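Undergrad: Sharing a structure below in structure tokens format, with a few things to ask.
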Amino acid sequence: MTDLADIADVGRDARRGGYSRHGFDRVELELRSWFTQEARRRGLDVRPDRNGNIWAWWGAPGPDAVITGSHLDSVPGGGAFDGPLGVVSALQAFDLLRSRGFTPGKPLAIVVFVEEEGGRFGVACLGSRLMTGAITAEAACKLTDADGVTFGEAAHAAGFDPLRMGRDDRALASVGAFVELHVEQGRGLEVPVGLASSILAHGRWRYTFTGEGNHAGATLIEDRRDPMLPAAALVLAARREATSGARATVGRIVPNPGGTNVIASSVDVWLDARADDEPRTREVVSRITAAAREAAVAEGCEVRVTEESWGGTVRFDPDLMARVRDALGADTPALPTGAGHDAGILAAHVPTAMLFVRNPTGISHAPEEFAEADDCAAGVVALATTLEHLAR
Ligand SMILES: [Zn+2]
């Protein structure tokens, strides 16, 4: 049987712990071929789309298809469940449906989206954003990784043509419903399986503070223009301004040149901010930006702010949720989530729902991410029952 254990050794990160699997890197390519093989072994028709996502069809592709799936990439040093659980559970759900003797009345497919975490190229949900036109091919292909490789170059090396990337109306038109199974990423779910009700508004911003690089010993304090100071002010402002359920995080700071005895000449800081709705998220970010600007001026530094991604509040399709509850039981809980997903990108275009599998510790995007085997098995049954109900 296909299991998460099959890929437990692929992409382990010895330095950070957990897994580092990023869009079109060696590890993700290995996982893609593993998925392709697993899908073909089941007689599914595997078809990569123009944007680097892989579709595996049970039945001929066509309109009103019922689609499930998730992603195989991770954050740097991420857990084993975020993404792969949805893919493995989809394969297992197909097996279960077959063992039940189910014959789909509608086409069914599993999709694997590329670069969902944005761990390599900085923009989350890149595959689904490209497919829906939420990002243009031109903008996506220019994104660079830490080594200066562009998404376009990486896609080309993986066999995709950057010139053919972009909004895929044909793929979108085929989707009658999309249901993504995912490990829950907080402690909100108290039963094995639940539904998602909404996703917080969410964006990423890059702040580049520029000062003057100099010697840590020979430069008097009053002579310094140290960009690390406004960078630090931004970190503190993020905590201060994220009130009433808003979340603001700085998880990545890159000083240039980055030496212990060197005053940095510039510092890049990435801010991730989320809140219930768009105006509230914008308000939190503008307060943080104002504090960062003020601190930059006080230190004689400059700051440039770039919005790297933005997504409004997602509310999952109430009709589809009702149909999933018909399949799983009226008492299936629905909870909001602070985490972004490809399902959130697709929700603006097609009826979309999410199934969550309980996470006992609420830890995610870290090596300690966990779900009990019994809960994962309950997730597979719930997904199979949902697909059976939707595709009959
Ligand atoms: Zn995920």
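Undergrad: What are the residues in the range 33-77 that are within 12 Å of Val111 (Cβ to Cβ) and of a type in the set (D, E, K, R), if any?
TA: Arg47, Asp49
Undergrad: Would you be able to say whether some residue in the range 298-308 is within 30 Å of Gly79 (Cα to Cα) and among the hydroxyl-bearing types (Ser, Thr, Tyr)?
TA: Yes, some residue in the range 298-308 is within 30 Å of Gly79 (Cα to Cα) and among the hydroxyl-bearing types (Ser, Thr, Tyr).
Undergrad: A further question on this structure: Taking only the range 127-148 into account, find how many residues are surrounded by 22 or more Cβ atoms within 10 Å (Cβ to Cβ), within 21 Å of Arg32 (Cα to Cα) and in contact (Cβ under 8 Å) with a residue 40 or more places away in the chain.
TA: 5
Undergrad: For the range 102-137, give me each residue that is over 17 Å from the mean Cα position of the chain (by Cα) and assigned to a helix (DSSP H, G or I).
TA: Scanning the range 102-137 gives a single hit, Ala137.
Undergrad: Separate question: Working only within the range 33-86, note down all residues that are of a type in the set (Val, Ile, Thr) and out of contact with any strand residue (DSSP E or B) (no Cβ under 6 Å at 6 or more places or on another chain).
TA: Of everything in the range 33-86, just one residue is of a type in the set (Val, Ile, Thr) and out of contact with any strand residue (DSSP E or B) (no Cβ under 6 Å at 6 or more places or on another chain), namely Val75.
Undergrad: Give the residue, chosen from Leu85, Leu72, that is closer than 22 Å to Met165 by Cα, within 13 Å of the ligand (Cβ to nearest atom) and in the same structural domain as Glu180 (by TED's automatic domain parsing). If you could, list the steps in order and put the result at the bottom.
TA: Numbers: Leu85 fails: closer than 22 Å to Met165 by Cα.
After applying the criteria, what remains is Leu72.
Undergrad: Something else about it: List pairs: first in the range 149-166 and among the hydroxyl-bearing types (Ser, Thr, Tyr), second part of a helix (DSSP H, G or I), Cβ under 8 Å, 6+ apart or cross-chain?
TA: Taking only residues 6 or more apart or on different chains, the pairs are Thr150/Cys141; Thr150/Lys142.
Undergrad: Go through the range 351-392 and give me each residue that's at positive phi and in contact with a strand residue (DSSP E or B) (Cβ under 9 Å, 6 or more places away or on another chain).
TA: Keep residues of the range 351-392 that are at positive phi, which gives 362, 365.
Within the range 351-392, His365 is the sole residue that qualifies.
Undergrad: Looking only at the range 286-319, filter to residues that are of a type in the set (S, T, N, Q) and in contact with a strand residue (DSSP E or B) (Cβ under 8 Å, 6 or more places away or on another chain); which one of those is farthest from His349 (Cα to Cα)?
TA: Restricting to residues being of a type in the set (S, T, N, Q) and in contact with a strand residue (DSSP E or B) (Cβ under 8 Å, 6 or more places away or on another chain), the top hit is Thr289.
Okay, residues lined up against (1) among the hydrophobic types (A, V, I, L, M, F, W, C); (2) more than 30 Å from Ala14 (Cβ to Cβ); (3) within 12 Å of the ligand (Cβ to nearest atom); (4) surrounded by 24 or more Cβ atoms within 10 Å (Cβ to Cβ):
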| site | (1), (2), (3), (4) |
| --- | --- |
| Gly77 | no, no, no, no |
| Leu96 | yes, yes, no, no |
| Ile110 | yes, yes, no, yes |
| Ala124 | yes, no, yes, yes |
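Undergrad: So, one more: For the range 213-258, give me the residue count where each residue is more than 24 Å from Arg274 (Cα to Cα) and outside any helix (DSSP H, G or I).
TA: Number of matching residues: 16.
Undergrad: For the range 47-74, which positions are closer than 20 Å to Asp25 by Cβ, among the hydrophobic types (A, V, I, L, M, F, W, C) and surrounded by fewer than 24 Cβ atoms within 10 Å (Cβ to Cβ)?
TA: Matches in the range 47-74: Ile54 only.
Undergrad: Looking at the range 337-360, can you tell me whether even one residue there is away from the ligand (no atom under 16 Å from the Cβ), among the polar types (S, T, N, Q) and touching a Phe, Trp or Tyr at 6+ places or on another chain (Cβ under 9 Å)?
TA: Let us first name the residues in the range 337-360 that are away from the ligand (no atom under 16 Å from the Cβ), namely 348-351, 360.
Subset that is among the polar types (S, T, N, Q): none.
No: the range 337-360 contains no residue that is away from the ligand (no atom under 16 Å from the Cβ), among the polar types (S, T, N, Q) and touching a Phe, Trp or Tyr at 6+ places or on another chain (Cβ under 9 Å).
Undergrad: In the range 328-384, what residues are of a type in the set (Asp, Glu) and in contact with a Cys (Cβ under 6 Å, 6 or more places away or on another chain)?
TA: Selection gives Asp342 alone.
Undergrad: Please find, within the range 168-188, the residue that is farthest from Ala65 (Cα to Cα) out of those that are within 16 Å of the ligand (Cβ to nearest atom) and buried (at least 23 other Cβ atoms within 10 Å of the Cβ).
TA: Among residues in the range 168-188 that are within 16 Å of the ligand (Cβ to nearest atom) and buried (at least 23 other Cβ atoms within 10 Å of the Cβ), the one farthest from Ala65 (Cα to Cα) is Glu184.
Undergrad: Among the residues of the range 272-288, which ones are in contact (Cβ under 8 Å) with a residue 60 or more places away in the chain and out of contact with any helix residue (DSSP H, G or I) (no Cβ under 6 Å at 6 or more places or on another chain)?
TA: Result: Asp272, Arg274, Asp276, Asp277, Glu278, Arg280, Thr281, Val285.
Undergrad: Follow-up. Go through the range 42-75 and give me each residue that's more than 12 Å from the chain's Cα centre (by Cα) and under 23 Å from Ala146 (Cα atoms). Reasoning before the result, please.
TA: Our first condition is that a residue be more than 12 Å from the chain's Cα centre (by Cα); within the range 42-75, this holds for 42-69.
Answer for the range 42-75, where residues must be more than 12 Å from the chain's Cα centre (by Cα) and under 23 Å from Ala146 (Cα atoms): Asn51, Gly52, Asn53.
The values are calculated or read from the model by the stated rules, or taken from the named source; none is laboratory data. Since we're looking at a predicted model, the values are computed, not measured. Glycine also receives a Cβ, built like all others from the backbone with ideal geometry; neighbour counts cover every protein chain displayed.
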